[in-house]
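K.L.:
My structure is below; once you've seen it, I'll send some questions.
The values are calculated or read from the model by the stated rules, or taken from the named source; none is laboratory data. Keep in mind the model is a prediction, meaning the values are calculated, not measured. Backbone-built Cβ (ideal geometry, glycine too); neighbour counts: all protein chains shown.
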Amino acid sequence: MLTKRELEQLKITPPDKALYKAVKDNWDAVAKPLDSMGEFEPLLSRIGAILGDVSLDIEKKAVVVMCADNGIVEEHISQSGQEVTAKVAASMGRRTSSVCRMAAAVGADVFPVDIGVNSKERIPGVTDRKVRRGTGNFLKESAMTEEEALRAIGTGMQLVAELKRDGYKLIATGEMGIGNTTTSSAVAAALLSCEVEEITGRGAGLSDAGLSHKIEVIRQALRFHGLKENEPLRILSTVGGLDIAGLTGVFIGGAVHHIPIVIDGVISAVAALTAERLVPGVKEYVIPSHSSREPAALHILEELGVRPVIDAGLALGEGTGAVMMFGLLDIARTVYGERTTFADIDMEPYERFC
């Protein structure tokens, strides 16, 4: 059981700057124009610095998918009911869901986790780390207690420790939970101290009326709880979700254990920002993937100082955008790992003038 004091005492050691430079110098030695691999050069240099490995061994990859239900669904902020969460989680357990199909194509292993599905039944193929059966309706009460939020954070941290022990070098974040774009918008609005309508999107496809209702529900809840942006743990426990809390722990665990963690969409982006607010320095271990269709995502990525690589209007969730990033990183790494140098082709290297 993670305590608040233990969380507050965590200190993050930044990635090795010398290793970052060593990887970047290797990129400059590849027979190509300088920086011509764009964002992939600094991103892979960051990964090398985090892992402490100039060879950039990222072959063994995992996707951690936190599954949880949200009590705010009672307010009709989603097209679907809570029963869908368990159904999709079961599909992940059978390895037939979208993220599982995509992960198989890039050689990644998927680890679905029941951290808060509103079901008494164990879901075959899904790791049972249930904190509680869904959160409370945060329009009427806190989503969870502070202790429950800490337990979920600790669960995410523990999972990263276990994956590192098993040799995984790169972890993607995913989630499944009906209503979780509402929880993520509420947390984002509180952490960023911005207007709710500025960062709230349609989720799985709300109508104009549905979106207006969703915004009003979040606005009322934030007024009801009186949240302040410098209270990240209170924000998380009051209007967040167990999936967000678990992923917050994954991002913190990545920084503690020096494992790069790939953001997926808005839910995992909110978790990354929450992690950074709770434990400064976590953002140095975060790798971006795509620009989510949800408007909060770009605000959060800007706050974290990272830029998305994929701009394709993705909104599937489950970690699918992060898994697409896995494939791109693997392709870019082949240029680095099997590099042809200027000497190999009898050519003078390009000079860097700025």
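K.L.:
Identify all residues within region 105-124 that are in a strand (DSSP E or B) and within 24 Å of ASP330 (Cβ to Cβ); write none if there are none.
P.N.:
If we filter region 105-124 for residues that are in a strand (DSSP E or B), which is where we start, we get 108-116.
Selection gives ALA108, ASP109, VAL110, PHE111, PRO112.
K.L.:
A further question on this structure: Answer yes or no: is there a residue in region 164-182 that is at pLDDT 95 or above, part of a helix (DSSP H, G or I) and of a type in the set (D, E, K, R).
P.N.:
Yes, there is a match, as at least one residue in region 164-182 is at pLDDT 95 or above, part of a helix (DSSP H, G or I) and of a type in the set (D, E, K, R).
K.L.:
How about region 138-162: which of its residues are part of a loop (DSSP other than H, G, I, E, B) and either on the phi > 0 side of the Ramachandran plot or surrounded by fewer than 18 Cβ atoms within 10 Å (Cβ to Cβ) (or both)?
P.N.:
Within region 138-162, the first condition is being part of a loop (DSSP other than H, G, I, E, B), and the residues that meet it are 138-145.
Within region 138-162, LYS140, GLU141, THR145 meet the criteria.
K.L.:
Follow-up. Within region 274-296, restricting attention to residues that are among the hydrophobic types (A, V, I, L, M, F, W, C) and over 21 Å from PRO42 (Cα atoms), which residue is surrounded by the fewest Cβ atoms within 10 Å (Cβ to Cβ)? Outline the logic, then answer.
P.N.:
Step one: of region 274-296, the residues among the hydrophobic types (A, V, I, L, M, F, W, C) are 275, 278-279, 282, 286-287, 296.
After this cut, where a residue has to be over 21 Å from PRO42 (Cα atoms) as well, the list is 275, 278-279, 296.
Details: ALA275: 32, LEU278: 20, VAL279: 22, ALA296: 29.
Of everything passing the filter in region 274-296, LEU278 is surrounded by the fewest Cβ atoms within 10 Å (Cβ to Cβ).
K.L.:
If you don't mind, there's one more thing I want to ask. Which residue pairs have Cβ atoms under 6 Å apart, sit 6 or more places apart or on different chains, and have a first residue in region 185-207 that is at pLDDT 90 or above and crowded, with 21+ Cβ neighbours inside 10 Å and a second that is hydrophobic (A, V, I, L, M, F, W, C) and part of a loop (DSSP other than H, G, I, E, B)?
P.N.:
Hits for this filter: ALA190/LEU227.
K.L.:
Follow-up question, since we're still on this one. Looking only at region 205-261, how many residues end up being over 18 Å from the mean Cα position of the chain (by Cα) and on the phi > 0 side of the Ramachandran plot?
P.N.:
Total meeting the criteria: 2.
K.L.:
Every residue in region 301-337 that is farther than 23 Å from GLY205 by Cα and among the acidic types (Asp, Glu), please.
P.N.:
Going residue by residue through region 301-337, those that are farther than 23 Å from GLY205 by Cα are 302-307, 309, 325-337.
Listed by number, the residues that qualify are GLU302, GLU303, ASP330.
K.L.:
Could I ask something else about it? Among the residues of region 136-165, write down those that are of a type in the set (Asp, Glu) and either touching a residue at least 12 places away in the same chain (Cβ under 8 Å) or farther than 27 Å from GLY327 by Cα (or both).
P.N.:
Step one: list which residues in region 136-165 are of a type in the set (Asp, Glu), which gives 141, 146-148, 162.
Within region 136-165, GLU141, GLU146, GLU147, GLU148 meet the criteria.
K.L.:
A further question follows. If we keep just the residues of region 224-257 that are assigned to a helix (DSSP H, G or I) and touching a strand residue (DSSP E or B) at 6+ places or on another chain (Cβ under 7 Å), which is surrounded by the most Cβ atoms within 10 Å (Cβ to Cβ)?
P.N.:
Just the residues of region 224-257 that are assigned to a helix (DSSP H, G or I), to begin with: 224-225, 232-239, 242-257.
Still in the running and touching a strand residue (DSSP E or B) at 6+ places or on another chain (Cβ under 7 Å): 242-243, 246-247, 250-251, 254.
On the way: LEU242: 36, ASP243: 34, GLY246: 31, LEU247: 34, VAL250: 29, PHE251: 30, GLY254: 30.
Among residues in region 224-257 that are assigned to a helix (DSSP H, G or I) and touching a strand residue (DSSP E or B) at 6+ places or on another chain (Cβ under 7 Å), the one surrounded by the most Cβ atoms within 10 Å (Cβ to Cβ) is LEU242.
K.L.:
With the structure loaded, tell me whether LEU2 is over 23 Å from the mean Cα position of the chain (by Cα) and touching a residue at least 24 places away in the same chain (Cβ under 8 Å) or whether it fails that test. Can you show your working first?
P.N.:
On the way: over 23 Å from the mean Cα position of the chain (by Cα): no; touching a residue at least 24 places away in the same chain (Cβ under 8 Å): yes.
No.
K.L.:
Out of curiosity, is PHE326 out of contact with any Leu (no Cβ under 8 Å at 6 or more places or on another chain), in contact (Cβ under 8 Å) with a residue 12 or more places away in the chain and aromatic (Phe, Trp, Tyr)? Spell out the reasoning first.
P.N.:
Values: out of contact with any Leu (no Cβ under 8 Å at 6 or more places or on another chain): no; in contact (Cβ under 8 Å) with a residue 12 or more places away in the chain: yes; aromatic (Phe, Trp, Tyr): yes.
Taking the combined requirement at face value, the residue does not satisfy it.
K.L.:
Could you run through region 92-115 and say how many residues are surrounded by fewer than 20 Cβ atoms within 10 Å (Cβ to Cβ) and without any contact (Cβ under 8 Å) to a residue 24 or more places away in the chain?
P.N.:
Number satisfying all stated conditions: 3.
K.L.:
Also: If you take the residues in region 208-223 that are closer than 18 Å to HIS76 by Cβ and of a type in the set (A, V, I, L, M, F, W, C), which one is surrounded by the fewest Cβ atoms within 10 Å (Cβ to Cβ)?
P.N.:
Our first condition is that a residue be closer than 18 Å to HIS76 by Cβ; within region 208-223, this holds for 208-221.
Still in the list and also of a type in the set (A, V, I, L, M, F, W, C): 209, 211, 215, 217-218, 221.
Working: ALA209: 8, LEU211: 17, ILE215: 21, VAL217: 23, ILE218: 28, ALA221: 25.
That would be ALA209.
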